[in-house]
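Student: Before anything else, here's the structure in question.
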Amino acid sequence: MKKVTIVGAGLSGLTAAITLARQDWEVEVIERRDGIGGPARDMETGEKTYVMVDGTPMELEKLRDYLGFDISPATRPMNRSTIYCFGKRYDVVFPRNVPAVLVERGMRKDSLDMLLYGLAKEAGVSFTFNTPIKTRADFDQLPENTILATGLFRDAYEALGIPFVQTYGHIAFGTMENYGGPPVIIYMDRYTQDYAFFSTINGMGGALIFQRGKPLTREAKKWFRFRLAHDEGIEFLEWFDLNVGVLPMGSSKNPRLFHDRFILAGTLAGMQDPVLLFGVHGALVSGKIAALALTDREEALKQFKRMNALWRLSYYNRRFIEATHPWGLHYMGRLGLDLQPYYDWWLLRYAFAFIPGWLRV
Ligand SMILES: Cc1cc2nc3c(=O)[nH]c(=O)nc-3n(C[C@H](O)[C@H](O)[C@H](O)COP(=O)(O)OP(=O)(O)OC[C@H]3O[C@@H](n4cnc5c(N)ncnc54)[C@H](O)[C@@H]3O)c2cc1C
């Protein structure tokens with residue numbers, strides 16, 4: 001039986017694991033944490049269970065056909081959102097044919113992470129938890145067929161010399177009983193070069209302000225907490241400073257399927273759109289492509305390049321926003337949102353091509 005080792009039990013690693021185990025590979029997944037669930041796992045204290053909520057465009061049926069499994073039980077439709085752009089409020093209702101969804105992440109049974117874990121176990125994948133692969137020497141000891149899918153953690157980037165940007169955050173979670181407001185609320189303002197957002201799914205909610213490249217100021221964190229409470233009546237008991245991790249936007253050449261003798265998947269492979277940071281879709285699709293790379297390198301590389309075709313354009317767009325902050329974001333954001341009622345659904349769908357993985361074969 002052919003053997004493969006996958007480092008990282010996140011979205012891309014689990015997708016690669018399911019795909020290969022179903023093709024009769026012997027698959028071992030090595031994970032640094034003591035179980036599945038990503039950052040929500042690190043936050044758990046006693047009886048409290050946290051969830052993260054990712055919002056992203058996804059065509060669930062097409063994705064199911066491509067991946068060979070259905071992730072819709074871990075999603076909810078996202079039909080509207082409220083956006084505050086430099087003080088002006090926009091209530092955006094997505095046309096029915098714009099496929100935006102919310103995804104539950106974490107350790108609850110409804111989460112995408114647990115859904116994939118269940119499928120991987122069912123396919124016969126074996127897991128080794130509590131085993132971080134950290135240093136160059138650790139990476140050098142990995143066997144021949146290895147897929148690296150370590151997400152936002154810094155170690156692999158540093159050990160392998162892959163450019164990255166550090167990201168800083170301030171986060172809160174809580175239950176959202178009786179909440180009837182928009183499922184997603186986004187804030188763009190001068191306080192962060194990125195954005196701040198609140199999102200909710202299945203009775204739980206979370207809020208995050210984050211910024212790439214430089215730490216958030218105290219003023220920025222205070223501003224976001226105040227705005228959420230003042231504008232939307234949303235208050236959380238506890239806020240944490242969060243090391244969000246590193247993102248694959250250190251250079252215009254970040255996306256890569258192969259590096260040294262390794263196959264890369266997910267965030268580490270550059271599968272995140274540089275402007276809005278949609279990463280769920282790219283992680284899933286790239287897990288499938290990483291699996292293909294073991295048997296057909298050329299075809300995998302062809303698919304990888306195609307699904308990242310617009311990455312560099314998006315990267316330079318992001319650089320422009322940084323170089324001109326805050327006025328660039330202000331005017332681009334306002335213009336885009338002011339024109340929003342005139343968008344036709346096909347125009348939005350056209351923009352989705354910037355999301356890694358969207359242009360899959
Ligand atoms: C706060 C936040 C909000 C986000 N919001 C959205 C959103 O709204 N929409 C969207 O589309 N995307 C969003 N994303 C991005 C999305 O979560 C990621 O793109 C996606 O999870 C990437 O999948 P992955 O497989 O690359 O990594 P992950 O799912 O993060 O999995 C990586 C796994 O590898 C393990 N690991 C890491 N290093 C090692 C090591 N050295 N040794 C062993 N194991 C290791 C980790 O513990 C983890 O289990 C968000 C990300 C964050 C952090």
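Since every read-out is calculated from the coordinates, none of them should be taken as a lab result. This structure is a prediction, so every number in the text was calculated from the model and none was measured. Ideal geometry is used to build each Cβ from the backbone, glycine not excepted, and the neighbour counts take in all protein chains shown.
Student: From Leu264, Leu301, grab the single residue that is over 18 Å from Asp194 (Cα atoms), hydrophobic (A, V, I, L, M, F, W, C) and more than 12 Å from the ligand (Cβ to nearest atom). Working first, answer last.
Tutor: Numbers: Leu264 fails: more than 12 Å from the ligand (Cβ to nearest atom).
Only one candidate passes the filter, namely Leu301.
Student: Among the listed residues Asn79, Asn130, which satisfies the condition of being within 29 Å of Leu347 (Cβ to Cβ), surrounded by fewer than 18 Cβ atoms within 10 Å (Cβ to Cβ) and out of contact with any Leu (no Cβ under 8 Å at 6 or more places or on another chain)?
Tutor: On the way: Asn130 fails: within 29 Å of Leu347 (Cβ to Cβ).
After applying the criteria, what remains is Asn79.
Student: Exactly one condition in (1) within 12 Å of the ligand (Cβ to nearest atom); (2) buried (at least 20 other Cβ atoms within 10 Å of the Cβ) is false for Leu160; which is it?
Tutor: Single failed check for Leu160: (2).
Student: Quick one: what pairs do we get from region 241-255, first residue at positive phi, second within 12 Å of the ligand (Cβ to nearest atom) and hydrophobic (A, V, I, L, M, F, W, C), C-beta under 9 Å, 6+ apart or different chains?
Tutor: Gly245/Leu152; Gly245/Phe153
Student: Only one of Tyr191, Tyr117, Tyr168, Tyr179 is part of a loop (DSSP other than H, G, I, E, B) and over 22 Å from Ala100 (Cα atoms); which?
Tutor: Exactly one residue qualifies, and that residue is Tyr191.
Student: Kindly check whether there is at least one residue in region 90-97 that is of a type in the set (S, T, N, Q) and either within 16 Å of the ligand (Cβ to nearest atom) or closer than 26 Å to Arg227 by Cβ (or both).
Tutor: Of the residues in region 90-97, the ones of a type in the set (S, T, N, Q) are 97.
Applying the additional criterion that residues be either within 16 Å of the ligand (Cβ to nearest atom) or closer than 26 Å to Arg227 by Cβ (or both) yields none.
There is no residue in region 90-97 that is of a type in the set (S, T, N, Q) and either within 16 Å of the ligand (Cβ to nearest atom) or closer than 26 Å to Arg227 by Cβ (or both).
Student: Could you grab the pairs with beta carbons closer than 9 Å, sequence gap of 6+ or different chains, first residue in region 48-71 and crowded, with 19+ Cβ neighbours inside 10 Å, second one hydroxyl-bearing (Ser, Thr, Tyr) and assigned to a loop (DSSP other than H, G, I, E, B)?
Tutor: Final answer for the pair search is Val51/Ser111; Met52/Ser111.
Student: So Pro274 ticks every box in (1) farther than 18 Å from Gly13 by Cα; (2) surrounded by fewer than 24 Cβ atoms within 10 Å (Cβ to Cβ); (3) not small (Gly, Ala, Ser) but one. Which box is left unticked?
Tutor: The number of the failed condition is (2).
Student: For region 261-284, name all the residues that are under 12 Å from the mean Cα position of the chain (by Cα) and either part of a loop (DSSP other than H, G, I, E, B) or β-branched (Val, Ile, Thr) (or both).
Tutor: Here is the first cut: in region 261-284, the ones under 12 Å from the mean Cα position of the chain (by Cα) are 266-268, 270-274, 276-284.
Selection gives Thr267, Gly270, Met271, Gln272, Asp273, Pro274, Leu276, Leu277, Phe278, Gly279, Val280.
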